[in-house]
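Participant: Structure in structure tokens, see below.
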Amino acid sequence: MTEDRQEIRPVAFAEALGERYLAYALSTIMARSLPDVRDGLKPVHRRLLYAMRQLKLDPEGGFKKCARVVGDVIGKFHPHGDAAVYDALVRLAQEFAVRYPLVDGQGNFGNIDGDNAAAMRYTEARLTEVATLLLEGIDDDAVDFRDTYDGEDREPVVLPARFPNLLANGATGIAVGMATSIPPHNAAEVCDALIHRLDNPGCDTAALLAHLPGPDLPTGGVLVEPPDSVLEAYRSGRGAFRLRARWAVEPLKHGQYRIVVSEIPYQVPKARIVERIATLLAARKLPLLADVRDESAETVRLVLEPKSRSVDPAVLMAVLFRHTDLEVRIALNMNVLDRANVPRVMSLGAVLDAFLDHRHEVLERRTRHRLGVIARRLEVLAGYLVAYLNLDEVIRIVREEDEPKRVLMSRFALSEVQAEAILNMRLRSLRKLEELEIRREHAALEKEQGELERLLASPARRRRVLAREIADVRRRFGPETALGRRRTEIAGPPAPVAAAEATVIEREPITVLCSQKGWIRALRGHGDGHDARYKEGDRARFVVTAETTDRLLGFATNGRFYTLGGDRLPRGRGFGEPVRDLIDLANGHDLVALFVHRPGARLLVAASDGRGFVVAEDDVLAQTRHGKQVLNLAAGAEAAVCVAVVGDHVAVIGDNRRLLVFPLAEVPVMSRGRGVILQRYRDGGLADAKTFTLANGLSWRLGERTRTETDLAPWLGRRAQAGRLPPRGFPAANRFA
């Protein structure tokens, strides 16, 4: 860099970074990810169609290699990778991805299982009828053109789009800080909504949904979204729809049956659904289902075999809808670029208005373009008429004059265009200069000129022309045609099906073992765990008999409750897995208790400083592996006790070996907090606690025996007292069990 060209400016790093990132974000939004509301295309799709038109790949013509198309696109219009451009081309040809394909593909263009298309050197393509409708009028000055990236060619800013592509084919895209997701719709229904909007400007969304009830997806399915949610989604431009696979029961002999899925949700690979069901079967989480088979050929056919004929098909499908992609949510986010190239979320009415405004502008521009063509032709015909009436003189001037053009213009008062047209005529054309033919063409053009001028002067006429154009599109893609038949059924919300948890998880007895060092596992069947093996230096701590459908609650020294699913515990003959891998148990903390959740039961929880309260088990269930904080702890304290509430009294004993018995009614029921003081200590803290029925006495374990003390008068008192030494024979560890 020479000294005179060098330019160094001090700029704040944050300012420079923000400026460049903003430029990148705008480029992503406007030139890559979001579709234009007028033609519903992103730049890559628009350039693909325009390049194929330049290659003359019309529906009636032959195919050309996709490699040729991709080469023209990236060489002339779209300087991006060939793989990205080819992927965009492939999607425009996939009937299961696009409701109305814009590319007619020949060769392997992928399938609904999610397999990729063949390489571009093997596949061929041409335009479809829908694509020609999008391009119709592009030579009639219907849209603006701009320079390509290298300035060597021109490309359209937007296509004339006689076909309502944005709603009919939908669009998806992710930009910087925003995204778009528009599902496909039925073209005939979109046309009906457009005509209604044209006749009733400003009508509400409910009136439009009477003609356009919801998405119409290439792979069919059943829409089970409530009508109010559908209305709000289209009114605001944001929402989502529940979509289910279509299924039916096929009866077999002896009362047996099987379920056949004939349509799957949009953009869900069929192989992924089969793989997910097979995984759940292997994990024994679908006890109602015996087998799944994929018998698809030209159409989708997934066969589901129930375990027995007594299984309710609705219950089985409800379980599959809950745990597989046989039911999905289709997002609606009509975030598009408007006419000013500004991204914004539009309602259904705004999208229809934008399309109608664009078609109105295209109609006006094409009309003015045609008027210009007619005016030029009328001027030439007038010159031809002069030449015909003065043919001999015209021939003489052309033969004898040195500057025949100037002489013709002066002699017959012709314009430069007329004189040039006469001079450019060939001799063989002179025989065609018949006055009758000239005047007939002149009259026809003048008539057409008058009609076009009246069209430009009358908004009502233009609306009628737009209505006829939209009606013609509807006729081509109406419900009576194979492509126009509605595929997605619009149904109301499904009736609730009571599918118990036992229908999702196979119910079997297990014994949960948790060791002193925190290794947890589940053994099949119920037992006492005495025969279980542990790692060297480790031994049993918690032995819980449960079932796979049970939920286990763990209470830790940090005052948090954790929920463990009985079906998700590690199995096998090994030592299990660290419990910290299943729950987010912070370092330095350990489990205090592990037991089976009993709905409706209550627990007594207490900290080492002697404070505690009663909490309902239903209130301590955690939804994540991080657990749920229930017992708040003072500095230096930790959770020490978690016991089931039974009976009417509480017995607490401290590290100082003082026993206190008081009524359970004195302990408050809370959902979270520190609680109240259960026992006061001068030294140490709480060692153990137990709830019991006073009339039955207080029991504790002493080795293999159980001892019961019925005369508890010396230890009865009020909570928060210090207590007295326990009866003789109480365990030296200060534990009730």
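Each reported figure results from applying straightforward, stated rules to the coordinates on display, with no laboratory input. Since this is a predicted model, take the numbers as computed values, not measurements. As a convention, Cβ positions derive from the backbone with ideal geometry for all residues, glycine included, and neighbour counts pool all protein chains shown.
Participant: For the peptides 95-106, 598-609, what is the packing order when you average, over each peptide's residues, the other Cβ atoms within 10 Å and list the highest mean first?
Facilitator: Top of the packing list down: 95-106, 598-609.
Participant: Is any residue of the range 694-737 close enough, with backbone N under 13 Å, to a label point placed 7 angstrom from the Cα of Asp683 along the Cα-Cβ axis, and if so, which?
Facilitator: No residue qualifies, since no backbone N sits under 13 Å from the label point.
Participant: On a straight-distance basis, which lysines could pair with Lys42 in a cross-link, Cα separation under 25 angstrom, same-chain partners fewer than 8 positions away excluded?
Facilitator: Leaving aside lysines fewer than 8 places away in the same chain, those within reach of Lys42 are Lys56, Lys64, Lys65, Lys76.
Participant: For the range 476-622, I need the span (max minus min coordinate) of the C-alpha atoms along each principal axis, in Å, sorted largest to smallest.
Facilitator: Computed over the range 476-622, the largest-to-smallest principal extents equal 79, 40, 28 Å.
Participant: Ok, one more. Report the net charge of residues surrounding Arg674, where surrounding means a beta-carbon distance below 12 angstrom and charges are Lys +1, Arg +1, Asp -1, Glu -1.
Facilitator: +1
Participant: Could you state the orientation-averaged shadow area of the convex hull built on the Cα atoms of the chain, in nm² to one decimal?
Facilitator: Answer in nm², one decimal: 55.8.
Participant: Further question on the same structure: Label-point separation (nm) for Glu489 and Arg154, each offset 7 Å from Cα along Cα-to-Cβ?
Facilitator: About 5.3 nm separates the two model spin labels.
Participant: Taking the alpha-carbon centroid of each part, what is the distance from the range 38-83 to the range 162-206 in angstrom?
Facilitator: About 24 Å separates the Cα centre of the range 38-83 from the one of the range 162-206.
Participant: What length, rounded to one decimal in nm, is gained on full extension from Glu232 through to His442, with 0.36 nm per residue of separation minus their alpha-carbon distance?
Facilitator: Separation in residues times 0.36 nm, less the Cα-Cα distance, equals 70.0 nm.
Participant: On to the next question. Between Glu451 and His526, what length in nm is gained on full extension when 0.36 nm per residue of separation is reduced by their alpha carbon distance?
Facilitator: Value of the extension gain: 17.8 nm.
Participant: Next up: Of the trypsin sites (Lys or Arg not before Pro) in the range 640-737, which ones lie in a loop per DSSP and count no more than 11 other C-beta atoms within 10 Å? Don't skip to the end; give the middle numbers.
Facilitator: Details: sites: Arg657, Arg658, Arg672, Arg674, Arg680, Arg682, Lys690, Arg701, Arg705, Arg707, Arg718, Arg719, Arg724, Arg728, Arg735; in loops: Arg657, Arg658, Arg672, Arg674, Arg680, Arg682, Arg718, Arg719, Arg728, Arg735.
Passing sites in the range 640-737 are Arg682, Arg718, Arg728.
Participant: Can you find, among Leu135, Pro404, Asn108, the residue farthest towards the positive end of the dipole of the chain? Put +1 on the C-beta of Lys and Arg, -1 on that of Asp and Glu.
Facilitator: Final value for the positive-end residue is Asn108.
Participant: Additional query: Would you mind working out the magnitude of the charge dipole of the chain relative to its Cα centre, with +1 at each Lys and Arg C-beta and -1 at each Asp and Glu C-beta, to the nearest 20 Debye?
Facilitator: With Lys and Arg at +1 and Asp and Glu at -1, about 2700 debye.
Participant: Now for a different question. Assuming R0 = 45 Å, what is the FRET efficiency of Glu704 and Ala16, from their Cβ-Cβ distance, to the nearest 0.05?
Facilitator: 0.05
Participant: Right, another one. Assuming R0 = 60 Å, what is the FRET efficiency of Asn656 and Glu508, from their Cβ-Cβ distance, to the nearest 0.05?
Facilitator: Computed FRET efficiency for Asn656 and Glu508: 0.85.
Participant: Evaluate E = 1/(1 + (r/R0)^6) for Arg468 and Val669, where r is the Cβ-Cβ distance and R0 equals 45 Å; express this FRET efficiency to the nearest 0.05.
Facilitator: Efficiency, from the Cβ-Cβ distance: 0.05.
Participant: Once the piece of chain linking Lys307 and Leu423 is laid out straight, how much longer is it, given 0.36 nm per residue of separation minus the C-alpha distance between them?
Facilitator: 32.7 nm
Participant: While we're looking at this one, here's another question. Output the relative contact order of the chain, whole-number percent, from Cα pairs under 8 angstrom with separation of 6+ residues.
Facilitator: Contact order relative to length: 9 percent.
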